[in-house]
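Input: a single structure, listed below in structure tokens.
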Amino acid sequence: MTLQEEIARRRTFAVIAHPDAGKTTLTEKLLLFGGAIHVAGAVKSNKIKKGATSDFMEIERQRGISVATSVMGFEYQGAKINILDTPGHEDFAEDTYRTLTAVDSVIIVIDGAKGVEAQTRKLMNVCRMRNTPVIVFINKLDRPSKEPFELLDEVEAELHIKVRPLAFPISNGPTFKGVYNLYEKHLSLFTSDEKLTADATTVNFSDLSSPELDGYIGEKFAEQLRQDVDLVEGVYDDFDREAYLRGELAPVFFGSAVNNFGVRELLECFIRIAPSPRPAPAVDRLVEATEPKLTGFVFKIHANMDPNHRDRIAFMKICSGKFERNKNYLHVRSGKQLKFSSPTAFMAEKKSVIDEAFPGDIVGLHDTGNFKIGDTFTEGEKLKFTGIPSFAPEQFRYIENADPLKFKQLAKGVDQLMDEGVAQLFTSSLNGRKIIGTVGALQFEVIQYRLEHEYNASCRWEPISIYKACWIDSDNEEQLRDFKRRKHTNMAVDKHGRDVFLADTSYALTLAQENFKDIRFHFTSEF
């Protein structure tokens, strides 16, 4: 296959949602239909001892939530699909935001009973900033849900995007009968014993006025479906793929991921309409996917994917060209030429060595501590991709060693976990104590758990009163020195040696900004 053909058949997307909307379950079912797995593990069911494929970290299995983005790739009907399953919990939002820089489109999962929730709005804003095309999947229709038209209006109002249903549900809750696919004009009937395999009864039905429909779903529901479909066709414009690709229109599907319902419709429509790899913005220019030379960037680092080997894997998104095993590539930040003898493709934590990869693919690179999030690889050009920030943390604690004999293990563990970008490490200029800053409180628990179970180190947290951390720089050297001298008790350096101001109140921050006009205060690390 030519490079163009390989690019055209790739679909790289993230599944995002508010916690507990069914995101991981939907990911599982997409893998099931793609033949990548043969039995889905119900995420929270104790009857099935197999956990969800994408929740592979020990803490994820215990809590029943996703705390790290996982990558899964599979082939389906000639398309190569790369799914990134993201954490929904807001305390892990930073991992999700960075993941959105590596995808070409997004599926947003919404709980049919709860409608649009807070985290969904935030994630939609990130998609809007990047004009990422979104598809909405309204889930859990096997439970009592809001009315479909009410949900469609809510999505339009809350997410500020036009919608066009491409599938429509027949009732919900205990009387849920199935989904009518408006895009392909066929009916999928609901039988709830099909949970764990990829079978569902499908009837081709282009003429809804046919009395046969009554035989399948009953007269009452058939009449309701005819009215609903007439209303959809009357109220909504025809589906416009160009508007969807510009991020202005969201196609909507309904279903029940846990019962495999509506998932096939979503997947088959997705591979037809979703974009193949799009141009990636770099500082100096726009990088087109079809360029012959390789470019790519690291958007995530994961320590200890295999606890037996203490390995670190850097996740690289390929933006253009063809990646080849054992070929030299320029690591732009260090200026060194590197080659990779065992680059990997992912199926959550399972890895397989690959010889080549194409734009849109996510490749795992073994890392001995050389890589940072945002690093760029090219065939010689000095490029830097934009939009991969670390956000200013909002919660802070001193980290103390709870076991003096395990000092080295703790230092190594903290060092590696900070490289993942889950949290940030600051060293206080006043007393040299280590301060961990995170976006959400749950991160402290995850760090403590992983230090104990992956590094055999124990830590304890001590409170510290900080309102916000921001990076500072200035062209006025004298003012910068004066600021650091006056604010000595509130200064720290981050892991990369950059100056950070730890403001203890919002008033102190405002005052500092007013009194030191030549100093720039940055709230993301990308400056």
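What follows is calculated from the coordinates using simple rules that are stated; it is not laboratory data. All figures in this text were calculated on a predicted structure; none of them were measured in a lab. Cβ sites come from the backbone with ideal geometry, for glycine too, and all protein chains shown count toward neighbours.
Computed extension length for LEU189-ARG486: 99.8 nm, one decimal, from 0.36 nm per residue of separation with the Cα-Cα distance subtracted. Each label was represented as a point 7 Å from its Cα along the Cα-to-Cβ direction; for TYR449 and ASN328 these points are 4.5 nm apart.
Once the chain from ASN431 to ALA118 is taken as fully extended at 0.36 nm per residue, the excess over their C-alpha distance is 108.8 nm. Take each peptide in 272-285, 163-176, count the other Cβ atoms within 10 Å of every residue, and average; sorted highest first, the result is 163-176, 272-285.
Modelled label positions at GLN4 and SER209, each set 7 Å beyond Cα in the direction of Cβ, lie 4.5 nm from each other. Quick one: which of LYS29/LYS220; LYS300/LYS339; LYS384/LYS412; LYS384/LYS468; LYS327/LYS372 span more than 25 angstrom between C-alpha atoms? Going by Cα-Cα distance, LYS29/LYS220; LYS384/LYS412; LYS384/LYS468 fall outside the 25 Å limit.
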